[in-house]
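Input: a single structure, listed below in structure tokens.
The values are calculated or read from the model by the stated rules, or taken from the named source; none is laboratory data. Small disclaimer: the values here were computed from a predicted structure and weren't measured. Heads up, the Cβs are rebuilt from the backbone with ideal geometry, glycines too, and the neighbour counts pull from every protein chain shown. The area values use the complete protein model at the heavy-atom level, side chains included, leaving out ligands, DNA and RNA. Shrake-Rupley method; radii C 1.70, N 1.55, O 1.52, S 1.80 Å.
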Amino acid sequence: MQSSASGPTDIPLLKETISANLGRTVAAHGDRDALVSVEQGLRFTYRELAAAVDGVATGLMALDVQVGDRVGIWSPNCAEWVLVQYATARIGAILVTINPAYRSTELEYVVNQSGISVLVAAESFSHSDYRSMVEEVWDRVRARRVVYLQTSDWDDLLAEGAAVSADQLEERSAGLRPDDPINIQYTSGTTGFPKGATLSHRNILNNGFFVGEACGYSPADRVCIPVPFYHCFGMVLGNLACTTHGAAMVVPAAGFDATATLRACEQERCTSLYGVPTMFIAELGQHDLDDYDLSSLRTGIMAGSPCPVEVMKQVVDRMNMNEVTIAYGMTETSPVSTQTSADDSLHKRVTTVGRVHPHVEVRIVDPETGGTVPRGQAGEFMTRGYSVMLGYWDDEARTAEAIDDQGWMHTGDLATMDDDGYINIVGRIKDMIIRGGENVYPREIEEYLYGHPDVVEVQVIGVPDTRYGEEIMAWVQLRDGAALDAEDIKEFCRGQIAHYKIPRYVKFIGEFPMTITGKIQKYLMREMSIQELGLGQAADKRHA
């Protein structure tokens with residue numbers, strides 16, 4: 001049997017804009033909670049949310065923002081972020097979501113590459129002084145207006161909107177089409193500048209809807225969203241999954257905080273909780289976790305990076321998330337392509353990323369030949385369907401590299417498909433270690449090491465070696481109070497996994513280099529390891 005599958009089509013795709021869909025939800029559930037920003041003390045019903053969105057939409061129209069113009073947002077999570085998301089969709093502007101961790105050079109690149117005309121920004125957050133960075137680059141960018149959140153700028157934006165009538169807003173909204181571009185998200189790359197994945201109403205509205213379907217959402221659900229809005233996880237799996245089902249969006253804090261997240265789940269009686277594995281690990285590590293009343297939780301999504309089996313089991317057992325799902329995807333596919341379901345066995349939910357999503361096709365191919373591989377064999381995961389992006393903004397060459405002439409998105413991820421159609425992500429093509437001619441998938445070693453009672457987090461990378469080409473290195477984070485050395489780790493592996501998979505090098509660390517979304521940056525780990533281990537000569541030889 002070949003490694004290919006098509007998702008179900010019994011539930012039709014939504015053939016409307018984000019604005020039209022929100023309007024239907026408001027009509028049906030106007031008095032229900034739509035948005036709760038716990039840290040800000042703000043609460044909106046769906047009717048109040050719609051009114052606030054219209055206020056921002058008319059404000060942007062008063063600034064002469066036209067259909068297809070780019071509006072940037074550079075801010076941590078807050079209620080205003082959500083208003084800008086839906087307001088830009090209401091008037092056909094393309095929302096450019098900017099990573100809050102970016103510095104001035106990256107900001108300048110994104111503003112100019114996407115052609116942002118109006119930038120909405122926080123003044124500051126944590127160690128980031130956004131205002132000073134905007135001022136630093138302002139003379140070198142083409143944007144014509146910046147609006148700072150939670151200042152008089154924001155009040156002025158809303159006041160200027162009074163000059164735009166409700167009829168003008170409705171006329172603008174009615175002229176939009178589902179296939180119009182509505183969002184540009186810059187994907188983090190290990191080299192070079194990021195690429196702007198351009199997504200339509202159809203892309204992200206449907207993906208949010210089907211994610212919500214997989215979680216069994218209804219208007220009774222309340223979804224805690226501690227993941228950042230600038231990324232698909234927050235604004236699609238979070239916000240759009242909620243608004244397509246009349247569920248409530250609960251924002252615990254501006255940035256991730258384990259205590260704030262658990263407190264929000266308890267106080268707002270959340271039924272669903274999102275996070276990348278590192279977030280759930282932090283929550284599970286809270287000394288007072290068992291003091292929180294998490295009895296309202298039933299489901300949620302763990303995604304963004306490979307999900308350790310032991311972490312998943314603890315989330316089910318200790319956080320009451322019996323129906324938690326695993327989702328897999330990438331920004332370029334809106335993002336989710338596969339997801340487990342609530343009625344999947346725990347085994348499937350802790351060992352796979354589920355089956356193909358509705359209205360999506362997937363196949364696993366030999367990276368060398370392009371042929372579909374038999375089930376059980378590893379190859380590159382490819383996907384096709386409504387969810388594939390329109391392309392990279394103003395970058396036809398890199399778009400053509402990612403999407404072939406048959407519409408297949410080449411993900412760069414290595415995966416296997418079992419006889420039941422469940423997908424397992426075994427690594428990145430670029431992360432695969434080739435040691436002495438043997439293909440080694442870091443995920444396999446990581447999953448084994450997670451079984452050690454003193455190991456909290458582990459990441460495996462390949463480092464250059466003059467004899468084998470590459471050698472295996474494990475970066476290990478231990479539980480508080482644990483005392484292990486490299487030999488203990490190796491001994492744990494001996495006789496349990498193949499000898500060539502046992503790490504030659506072991507590094508014990510307190511924290512990993514990460515992106516703001518919680519993805520561990522293996523390329524930085526590799527660069528640091530080469531320097532620390534004195535492997536520069538081997539690296540030069542390997543790449544000669």
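Short-range pairs are left out: with C-alpha atoms under 8 Å and at least six residues apart, the relative contact order of segment 201-320 is 25 percent.
Note: segment 219-278, Cα convex hull, 69 Å³ per residue. Surface composition of segment 99-219: carbon plus sulfur atoms hold 47% of the accessible area, using a 1.4 angstrom probe and ignoring ligands, DNA and RNA.
With q set to 0.16, 0.19 Å⁻¹, the log10 of I(q)/I(0) for segment 148-298, from the Debye formula over equal scatterers at the Cα positions, is -1.07, -1.22. Overall shape of segment 99-175 was characterised from the C-alpha gyration tensor. The equivalent ellipsoid obtained from it has semi-axes of 27, 16, 11 Å, in decreasing order. Karplus-based coupling profile of segment 172-185, in residue order and whole Hz: 4, 5, 5, x, 7, 10, x, 8, 5, x, 9, 7, 10, 10, with θ = phi - 60° in 6.51 cos²θ - 1.76 cosθ + 1.60 and x standing for Gly or Pro.
Working note: Karplus 6.51/-1.76/1.60 with θ = phi - 60° gives segment 6-15 the couplings 10, x, x, 10, 5, 8, x, 5, 6, 10 Hz, where Gly and Pro are set to x.
The percentage of C-alpha pairs in segment 413-464 whose separation is greater than 16 Å is 50%.
Rg of the Cα atoms in segment 250-381, relative to 2.2 N^0.38 Å, amounts to 1.18.
For segment 318-330, 3J(HN,Hα) computed residue by residue from phi via the Karplus equation (6.51, -1.76, 1.60; θ = phi - 60°) reads 9, 10, 6, 9, 5, 10, 4, 10, 10, 10, 10, x, 8 Hz, glycine and proline entered as x. Calculated over the chain, the projected area of the Cα convex hull averaged across directions stands at 25.1 nm².
Ligands, DNA and RNA left out, the 1.4 Å accessible surface of segment 241-347 is 45% carbon and sulfur atoms.
Using Cα pairs closer than 8 Å and at least 6 residues apart in sequence, work out the relative contact order for segment 44-201, in percent.
Numbers: 265 pairs, mean separation 43.3, N = 158.
Across segment 44-201, relative contact order equals 27 percent.
In this structure the amide hydrogen of ARG70, modeled in the peptide plane, comes within under 5 Å of the amide hydrogens of ILE94, SER117, none closer than 5 places in sequence on its chain.
Of all alpha-carbon pairs in segment 404-544, indicate the percentage at a distance above 20 angstrom.
On the way: 5132 of 9870 pairs.
Summing the P(r) tail past 20 Å for segment 404-544 gives 52 percent.
Annotation: amide H-H contacts under 5 Å for ILE182 (H modelled 1.01 Å from N, sequence separation of 5 or more, or interchain): LEU199, SER200, HIS201.
Over segment 323-448, the alpha carbon radius of gyration divided by the compact-protein estimate 2.2 N^0.38 Å works out to 1.08. At the listed q of 0.11, 0.17, 0.21, 0.27 Å⁻¹, the Debye profile of segment 28-99, built from one uniform point per Cα, gives log10 I(q)/I(0) equal to -0.28, -0.64, -0.91, -1.19.
Give the accessible surface of the chain per residue, rounded to a whole number of Å², with probe radius 1.4 Å and ligands, DNA and RNA excluded. Working shown, then result.
Details: 21650 Å² over 544 residues.
Roughly 40 Å² per residue, with all protein chains present.
Using a cutoff of 8 angstrom between alpha carbon atoms and counting only pairs six or more residues apart, the relative contact order for the chain works out to 13 percent. For the chain, the cysteines with no partner cysteine C-beta closer than 4.7 Å are CYS78, CYS215, CYS232, CYS242, CYS307, CYS493.
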